[in-house]
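The values are calculated or read from the model by the stated rules, or taken from the named source; none is laboratory data. Computed from a predicted structure; not experimentally measured. All Cβ positions, even for glycine, are placed from backbone atoms using ideal geometry, and neighbour counts span all protein chains on display.
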Amino acid sequence: MATLKDVAKRAGVNISTASRALNGNSAISEKTALLVKQAASELNYKPNLSARILKGKKSNMIGVIVPETNSDYFARLVETLEVRLQEKGYFPIIANTKFNKEKELDAVDHFLNYYIEGIFVVCVSSAKDLSRYSRKTDLYNIPLIALDTRQEGADCNQIMVDDMLGMTMAVSHLIEKGHRSIGFIGDAIIEQQGRTEMFRQAIRNNGLNVREEDIETCSDSRFEEAGYKMMKRFLSKKRYPDAYLAGCDDIAIGALRAAYENGLSVPDDIAIVGNDNGRASNYLYKRLTTLSPPIEKMSCLGVDMMIECIQNKDSSLTHKITLKPELLLRETT
């Protein structure tokens, strides 16, 4: 691996000049800076940023590991984190894992090799993985905070949303509306996140029997397309539920479209409850009843916790906070 000394030698300058050139020091001439940067590129030189951290320098950069940014929920979470971090003088670097466990671990390792002061991780593979990531970051004295990971028992700082409570509230609301046959529509990611099993438990919590034929998971599509396909599948059966929970609002929107095409009235013929309170949910032709996670509160608490951990440099204490979702009653139930 090339060193700063190698770069300086190739560029024909001393080490201190090479260092200042790579750090954008305005005292270095344009010609010299270009020579140094060209030499660094040719040698594939990577600065040892961990060493800079050991010298006590600050970057005010925070790593944020998320499974995706094309869904409304995670996009809003990233945005609220970014706004809150910038208010506090910090800036995020985003790593998108596409729900891939290996990419998640790679993101943690890459952040540890760069000038990062803390890491947020969202939606990890398992409690075991999350604890492993936390042990890695502890070695560098870099705080790691898990947001909305649903990983009970993980040994790290966590701020979670009580999805189980939300599901139980939604089922209870539908029962109060007179529904006894309640279905669930999800996709492969929703199932991976545990929401399908939470629905089963919510049904039991409300004294009903779980009917597996009332649970549909789309394996080849996501978002609105998944909801549309699964509702069409339900409506093709001789018997189908008269109320549904969707794994997320996008799925609920697709389900609403399918119901409309089949001439069904919402909520008179069927009722639908979403999850996540996406931007569109309050502007549909029938405003969507949905579970609303406290994204802004979670982000604010997370950033405040992160700054406290950075300042205290104490990884011996862990914080675990559970927030409650809100059931927003609108026009689809």
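In the stretch 44-69, which residue that is modelled with pLDDT under 85 and not in a loop (DSSP other than H, G, I, E, B) is nearest to Gly302 (Cα to Cα)?
The initial filter retains those residues of the stretch 44-69 that are modelled with pLDDT under 85, namely 46-59.
Okay, now just the ones that are also not in a loop (DSSP other than H, G, I, E, B), so 49-54.
Values: Leu49: 25, Ser50: 24, Ala51: 27, Arg52: 26, Ile53: 23, Leu54: 25 Å.
Ranking the qualifying residues of the stretch 44-69, first place goes to Ile53.
So for the stretch 310-319 (the condition being touching a helix residue (DSSP H, G or I) at 6+ places or on another chain (Cβ under 8 Å), more than 19 Å from Cys248 (Cβ to Cβ), surrounded by 16 or more Cβ atoms within 10 Å (Cβ to Cβ) and in contact (Cβ under 8 Å) with a residue 60 or more places away in the chain), does at least one residue qualify?
Among the residues of the stretch 310-319, at least one is touching a helix residue (DSSP H, G or I) at 6+ places or on another chain (Cβ under 8 Å), more than 19 Å from Cys248 (Cβ to Cβ), surrounded by 16 or more Cβ atoms within 10 Å (Cβ to Cβ) and in contact (Cβ under 8 Å) with a residue 60 or more places away in the chain, which makes the answer yes.
Looking at Ser221, Ser265, can you tell me which residue is outside the structural domain of Thr69 (by TED's automatic domain parsing) and loosely packed, with under 14 Cβ neighbours inside 10 Å? Break it down into steps so the answer makes sense when it comes.
Working: Ser221 fails: loosely packed, with under 14 Cβ neighbours inside 10 Å.
Just a single option satisfies the conditions, and that option is Ser265.
Considering each residue of the stretch 172-200, count those that are farther than 17 Å from Pro241 by Cα and either surrounded by 15 or more Cβ atoms within 10 Å (Cβ to Cβ) or touching a residue at least 40 places away in the same chain (Cβ under 8 Å) (or both), and give that number. Working first, answer last.
First, pick out the residues of the stretch 172-200 that are farther than 17 Å from Pro241 by Cα: 187-195, 197-198.
Now drop any that are not either surrounded by 15 or more Cβ atoms within 10 Å (Cβ to Cβ) or touching a residue at least 40 places away in the same chain (Cβ under 8 Å) (or both), which leaves 187-195, 198.
Going through the stretch 172-200 one residue at a time, the tally reaches 10.
Enumerate the pairs (first residue in the stretch 209-236 and in contact (Cβ under 8 Å) with a residue 40 or more places away in the chain; second residue anywhere and hydroxyl-bearing (Ser, Thr, Tyr)) with beta-carbon separation below 8 Å, excluding pairs fewer than 6 apart on the same chain, so at least 6 apart or on different chains.
Listed pairs, sorted by first residue: Phe223/Ser71; Met230/Thr217; Met231/Tyr244; Phe234/Tyr240; Phe234/Tyr244.
Exactly one of these conditions fails for Glu117: (1) touching a residue at least 60 places away in the same chain (Cβ under 8 Å); (2) closer than 28 Å to Ala252 by Cβ. Give me its number.
(2)
Looking for whichever is touching a Leu at 6+ places or on another chain (Cβ under 9 Å) and in the same structural domain as Thr196 (by TED's automatic domain parsing) here; the options are Ile251, Ile272. Which one fits? Steps first, please.
On the way: Ile251 fails: touching a Leu at 6+ places or on another chain (Cβ under 9 Å).
Of Ile251, Ile272, the one residue that is touching a Leu at 6+ places or on another chain (Cβ under 9 Å) and in the same structural domain as Thr196 (by TED's automatic domain parsing) is Ile272.
Can you find, within the stretch 113-136, the residue that is surrounded by the fewest Cβ atoms within 10 Å (Cβ to Cβ) among those that are within 19 Å of Glu308 (Cα to Cα) and of a type outside the set (Lys, Arg)? Write out each step before concluding.
First, the residues of the stretch 113-136 that are within 19 Å of Glu308 (Cα to Cα): 115-121, 134-135.
From what's left, of a type outside the set (Lys, Arg): 115-121, 134.
Details: Tyr115: 16, Ile116: 20, Glu117: 20, Gly118: 24, Ile119: 26, Phe120: 27, Val121: 28, Ser134: 23.
Among them, the one singled out is Tyr115.
Are any of the residues in the stretch 84-94 over 10 Å from the mean Cα position of the chain (by Cα), of a type in the set (S, T, N, Q) and part of a loop (DSSP other than H, G, I, E, B)?
So far as the stretch 84-94 goes, no, none of its residues is over 10 Å from the mean Cα position of the chain (by Cα), of a type in the set (S, T, N, Q) and part of a loop (DSSP other than H, G, I, E, B).
Go through the stretch 118-219 and tell me which helices (runs of 4 or more DSSP H), entirely inside it, have 1 or more residues that are out of contact with any Gly (no Cβ under 6 Å at 6 or more places or on another chain), modelled with pLDDT of 90 or more and over 30 Å from Gly89 (Cα atoms).
Counting at least 1 such residues, we get 163-176, 188-192, 195-205.
Among the residues of the stretch 85-102, write down those that are under 13 Å from Val64 (Cα atoms) and surrounded by 14 or more Cβ atoms within 10 Å (Cβ to Cβ).
Selection gives Leu85, Tyr90, Pro92, Ile93, Ile94, Ala95, Asn96, Thr97.
So Met169 fits all but one of (1) touching a residue at least 24 places away in the same chain (Cβ under 8 Å); (2) outside the structural domain of Glu224 (by TED's automatic domain parsing); what number is the exception?
For Met169, the exception is condition (2).
Output the residue which, of all residues in the stretch 137-153 that are acidic (Asp, Glu) and surrounded by fewer than 19 Cβ atoms within 10 Å (Cβ to Cβ), is farthest from the chain's Cα centre (by Cα).
Filtering the stretch 137-153 for residues that are acidic (Asp, Glu) and surrounded by fewer than 19 Cβ atoms within 10 Å (Cβ to Cβ), the one farthest from the chain's Cα centre (by Cα) comes out as Asp138.
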